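The values are calculated or read from the model by the stated rules, or taken from the named source; none is laboratory data. Predicted model only: the values in this text are computed from it and were never measured. Here Cβ is always computed from backbone atoms with ideal geometry, including for glycine, and neighbour counts include all displayed protein chains. Quick note on the areas: whole protein, heavy atoms, side chains included, nothing else; ligands and nucleic acids left out. Shrake-Rupley method; radii C 1.70, N 1.55, O 1.52, S 1.80 Å.
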Amino acid sequence: MPKRVADEAILSAVDDGFARQVAFLQDLVRFPSQRGEEHAAQSFMAAAYEADGYAVDMWRVDVDAIRDLPGFSPVAVSYDDAFNVVATHTPRNALGRSLILNGHIDVVPTGPLDRWVRDPYDPAIEDGWMHGRGAGDMKAGLSACRYALTALRSLGYQPAANVYLQSVVECTGNGALACLQRGYRADAAFIPEPLEPRLMRAQVGPIWFRVEVDGDPRHASGAFSAGANAIEKAFVIIQALKQLEIVWNARKVDDKHFHGHPHPIRFNLGKIEGGEWTSSVPARCVFEMRVATYPGQKLEDARAELEACIADAARADPFLANRPPTLTYNGFMAEGYVLEGADKMEAVLRRSHTAVWGEPLTEHVTSATTDARFFGLYADTPAIVYGPICRMPHGYDEAVDLDSVRKVTQTIALFIADWCGLEPIDPEVRS
C-alpha cells in the first residue's frame with residue numbers, strides 16, 4: 001500500500017525549501033519568454049527537471065500533428081520556437097493514481113516599458129510580492145509543481161504513481177493539445193493558474209477573429225470627394241459587435257454556472273490599425289477581437305452569430321453593403337469547460353487546502369480560460385485549476401504574492417501525497 005506521511009512533515013519540507021524555490025522563480029522570470037521566444041526558458045526548465053533526475057522530453061510543437069484534433073486553434077504565428085517540456089516521474093510500484101501537473105511558460109507582451117515601475121524582467125521582491133512579467137501568470141505555478149515534489153523527495157519519498165510535469169506553450173492552448181497527442185495521459189490534471197487558491201468550477205471559451213474593412217481613399221479635404229473612411233467604417237462593425245456582447249451577457253440568466261457573474265462575456269477589441277497618411281482618407285482598417293462563449297455553447301453557433309452580426313451591420317451601411325468586411329479566425333477557438341465528475345479529486349483538494357489554509361475551500365467561475373478544457377473535454381481527465389494570488393496579470397507591474405505561492409505549493413504537495421500515494425525513494429526503507 002502507498003505510504004502515509006504526516007501533513008506537518010510535508011508542510012515543513014515545503015517551508016525548508018522555499019528560499020530555493022523563490023530563487024528558482026526569479027531565475028525563470030528573467031527569461032522574456034513571450035510567444036515565439038520560449039526556447040531559452042524551456043531549455044532552462046528541461047535542465048532543472050533533468051537535475052531532479054526525471055526523464056525529460058523536449059520537442060517542437062508540430063502543428064500538422066495536432067491540426068485535426070478536437071480543440072485545435074487556428075495558427076497565425078510561427079511555431080518554429082514553440083517547444084514543450086515534459087518531465088516524467090516513474091515509480092517503482094504504481095499503486096496510486098497518476099497525475100499531470102501542467103503550467104505554461106509563455107508570457108504576454110509587456111506594453112510600453114516606461115509604464116512599469118521597474119524592469120518587467122528584473123524580479124524584485126517588495127513587501128512579500130515578487131514583481132515581473134510572468135511572475136504570477138504563470139511561472140509561480142510551474143515553480144510550485146516542481147518544488148512540491150522536491151519537498152516530498154527531501155523527506156525520502158516519491159509519488160507511488162506516474163507524474164508528468166508539463167511546461168507548455170499556452171497561447172491558443174495548442175501546447176497542451178500537443179502533450180495529449182504525444183501520449184501523456186493520467187487519471188487527473190492539476191493546473192496552478194493564478195486565479196487564486198479557490199476551485200475553479202467553470203470557465204468560458206474564447207474565440208479570436210480578425211476583421212478587414214476597406215475604405216475609399218481620397219484627399220482629406222473632401223474637395224474632390226469625401227470617399228469612405230475605413231477606420232470609421234470599422235467602428236460601425238465594432239459598435240454592432242458590442243451590441244451583440246450585451247445580448248450574449250443577457251443569456252447568463254439561463255446558465256447554471258455564470259448566472260451570478262457580473263459580466264461573463266466580454267468582446268475585447270484587442271488590436272486595431274489603419275490609415276497610411278494623415279491627409280488621406282484611410283483605405284483600410286484591420287481590427288482583432290477576443291470574444292467569450294459559455295460552456296456548452298457550440299462554437300459553430302457562436303461563429304454563425306458573429307458572422308451574421310457583421311454581415312447585418314455591413315448591409316445597413318451604404319458603402320459597406322457593396323464592400324463587405326472580411327472575417328478571419330486567427331487564434332483561440334476554444335470551448336468553455338465545467339469541472340464535473342471529479343468528486344474524489346475535489347475531496348482530496350478540499351482536505352489539502354484546509355490543512356494548509358485552515359479554512360474550507362471555496363469555488364468560483366471565471367471569464368478567463370485555461371488549458372483545463374483539453375483534459376476535461378478531450379481526454380476524459382478531470383482538471384483542477386487552483387493557484388496563487390496574482391496582481392495585474394497581463395498588466396503593468398504584474399506581481400505574485402509569495403506567501404500564497406508557498407501555501408499553494410504546500411497544498412499541491414499534500415494533494416500529490418494523497419492522490420498518488422507515496423513510496424520510499426530508498427527501496428530498502430519499509431513502506
(message) Only four residue types carry charge here, +1 at the Cβ of Lys and Arg and -1 at the Cβ of Asp and Glu. Report the dipole size of the chain about the Cα centre in Debye, rounded to the nearest 20.
(response) 500 debye
(request) Round to the nearest 10 and report in Å² the accessible area of Ser78, as given by a 1.4 Å probe over the protein chains' heavy atoms. (result) 60 Å²
(message) List the pairs from Lys252/Lys407; Lys256/Lys344; Lys242/Lys298; Lys233/Lys298; Lys233/Lys271; Lys139/Lys242 whose alpha-carbon separation is above 27 Å, in the order I gave them.
(response) Lys252/Lys407; Lys233/Lys298; Lys139/Lys242
(request) For region 236-318, state which chymotrypsin sites (Phe, Trp or Tyr not before Pro) are in a DSSP loop and have at most 12 other beta carbons lying within 10 Å of their beta carbon. (result) Trp277
(request) Just read off the accessible area of Tyr396 with the full protein assembly in place, 1.4 Å probe, to the nearest 10 Å². (result) 70 Å²
(message) Given a 1.4 angstrom probe, I'd like the percentage of the accessible area of region 149-302 that is carbon and sulfur, rounded to a whole number.
(response) 49 percent
(request) Name the residue farthest towards the positive end of the dipole of the chain from the options Leu25, Asn229, Pro382, assuming +1 on Cβ of Lys and Arg, -1 on Cβ of Asp and Glu, about the Cα centre. (result) Pro382
(request) Taking all protein chains together and a probe of 1.4 Å, list Glu212, Glu245 from the most accessible to the least accessible. (result) Glu212, Glu245
(request) Could you tell me the accessible area of Glu363 in Å² (1.4 Å probe, neighbours in place), rounded to the nearest ten? (result) 90 Å²
(request) Order the following by accessible area, largest value first: Arg92, Arg303. Probe radius 1.4 Å; ligands, DNA and RNA are ignored. (result) Arg92, Arg303
(request) Determine the principal axes of the Cα atoms in the chain, then give the extent along each, sorted from largest to smallest and rounded to whole angstroms. (result) 91, 44, 41
(request) Let me know the charge dipole size of region 35-153 about its Cα centre in debye, to the nearest 20, where only the beta-carbon of Lys, Arg (+1) and Asp, Glu (-1) is charged. (result) 520 debye
(request) Just report the Cα centroid separation between region 300-340 and region 97-162, whole Å. (result) 37 Å
(request) Can you tell me the dipole magnitude for region 196-298 around its Cα centre, using point charges on the Cβ only (Lys, Arg +1; Asp, Glu -1), in Debye to the nearest 20? (result) 520 debye
